[in-house]
1. Ranking request for peptides 593-606, 784-797, 57-70: highest mean number of other beta-carbon atoms within 10 Å first, then the rest in descending order.
2. Rank the residues 542, 168 as a footprinting-exposure proxy: fewest other Cβ atoms within 10 Å of their Cβ go first.
3. Taking the number of other C-beta atoms within 10 Å as the exposure measure, put 621, 668, 190, 419 in order starting with the fewest.
4. What share of the DSSP beta bridges in the chain is antiparallel, in percent to the nearest 5?
5. Please give the FRET efficiency for residue 316 paired with residue 88, using the beta carbon to beta carbon distance and R0 = 22 Å, rounded to the nearest 0.05.
6. Could you list 665, 715 in order of exposure, starting from the residue whose Cβ has the fewest other Cβ atoms within 10 Å?
7. How compact and how long is the chain, expressed as Rg and Dmax of its alpha-carbon atoms in Å?
8. How high is the relative contact order of region 402-537, in percent, with contacts defined as C-alpha pairs under 8 Å that are six or more residues apart?
């Protein structure tokens, strides 16, 4: 018989890497728990027990034979028998290894590294002594059904390692996406202090960080560590604020942890399980894990497997120490005679009535990876020793040949599963998403709620999931706020701060920055929407506009009324004595001054902006020119009364008209230049008020604007000086002093206007300008025409030439 030392394993094998010559096995080989001879023997290792019997080593004699102890894992026994079933199935096939009988040696590793080391070297030694391989280091051809550590994908360290279960690299990424999918950004993490736990958790934490998930704590534990370490880990879980806990734990480590947590249950937790325990029915008794969710290898059906498991009699069980122990533990009786008070098995025991993980074939997942691993080895052997028609059991082959055949394995199982390995010795990744849900009988059960393919998003079917808990360090910031990370804490812990002025955030989430509104928009009160800014201008329906319009029309109406009265009494002395032609022109210009203020009201447009400033400038110059002409007439008239003076001939009616026209044309020229070079145009002022658009008329050329005002001011100042000089002329009705007073008010109004105009906000800038126009117009109208109008209407006896000449004696008292 040629013994091939290929084997199926759960745990990563250990090797003596320092000095292989000095490595020695214990004198007594470990005996397999299940075995059968064959042309080629396939080894298998399974963690059927949880502990290794310990002893005090005296170092005066060789240590005792290693022996497993503690409770039996019926699920692992089912895995071992799956290998046994598969080999029997292969031996019965005619298309795979025809004429060749496969045997097996199945060992219990007790979930302990020392036993794994011994069994591994025992396999190697068997192959070396039978000259099956040229070196013990080429004898480590392994196909694992349960080892998921991503470290095993490194072909530089493990060139002959293959597996039929996906690498934790994929599981870690899938768990991170699962956590992200449920919106859990604040989690706890616990993992075993082994390569499996350390590598798996490291991969998960890296993927979680990329998904924006924060970890409140990451604890590590191994079941052989002191109890104080276990208690500390349990207390961290109890006192944490994270409501989600992600694990990369071996079954044994998790069992210890759950037992400790049962003593003083923590708040309800959402458990995220790794594939080592999420599909293990042994843990369904822990109700604190209800709702647990995680990824397991896809569920499968293995035809004939259940019948094989149940085809077990007491006589068959006695042939294997493992099956004997299973029978006695399952039925609480003794097959070998009375021991420890147990009753003798009497043959009435019915294995079909058992309900335990051994007989439960409803969730065949890891059993299927054993099934695939065994077939992979059989196909590799077939590829080396068989041709199209027959196999040569005496054929000599090297480890490299077996290795190359394993790399090329690619076939479909009869239950539909594909078997192949990539360059790292890994299969195509794929998982079922498992959720622990209560069944009708009140117990927990496995429910497949989705699938995961690394190349696709997670496919979830969560209609049966009653409630999804929340686990965040800080709640999502509402619209209108941004998050500010709390000092010294992970990025998932933050305060929600209102957006700054002019900024919004319109989504509930985790935005670090708010967004500026466009220039013509402003946030609402909640700062979650940018709304168009209200446009502000002095509109016609504004109360202030209505008041100013009323004054404007009233002033114009009064000027028209006075014009009518003056025209009716145009031959009267008081009208004739005050230069009636200039008086009528002045009244006309004052009417225009009152009305030009209306051009400042309403929404600015191209035409209104150009009209309002030019109309104001020209009408006021016309008005001041008339007043200036009247003042000069008074001065000339006084000088004409002096002996030998002919001053009036130099300032008669033609000269008066020409002076008014000349002064006005100068202003017209200034306005034409202003409008030609840089005219005033509508402007949306976005700077004065942040939350309001002020629609105003931009001055265009500031020089043009101040030139218009400056020219008006110059004429007003000149008129004031001349009127001031003529205020004490010896006339009974001295118009010069009324002009002086009117110019004094006019200048005061416009001097006050400048700072008020510059500092007034928004529409009040226009209102100040209108007020200045109306105030100065009313001052001129009142001071110059009110006294005359009063005499004409209410003192007609004073409207005589003698009275104006001062020749009428005063009435006696």
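Values in this text are rule-based calculations from the coordinates and carry no lab data. As the structure is a prediction and not an experimental result, all values here were calculated from the model. Ideal geometry is used to build each Cβ from the backbone, glycine not excepted, and the neighbour counts take in all protein chains shown.
1. Packing proxy ranking, top to bottom: 593-606, 784-797, 57-70.
2. Arranged by neighbour count, lowest to highest, 542, 168 become 542, 168.
3. 668, 419, 190, 621
4. Here the antiparallel bridges make up roughly 55 percent for the chain.
5. 0.95
6. Result, fewest neighbours first: 665, 715.
7. Cα radius of gyration and Dmax of the chain are 53.4, 167 Å respectively.
8. 13 percent
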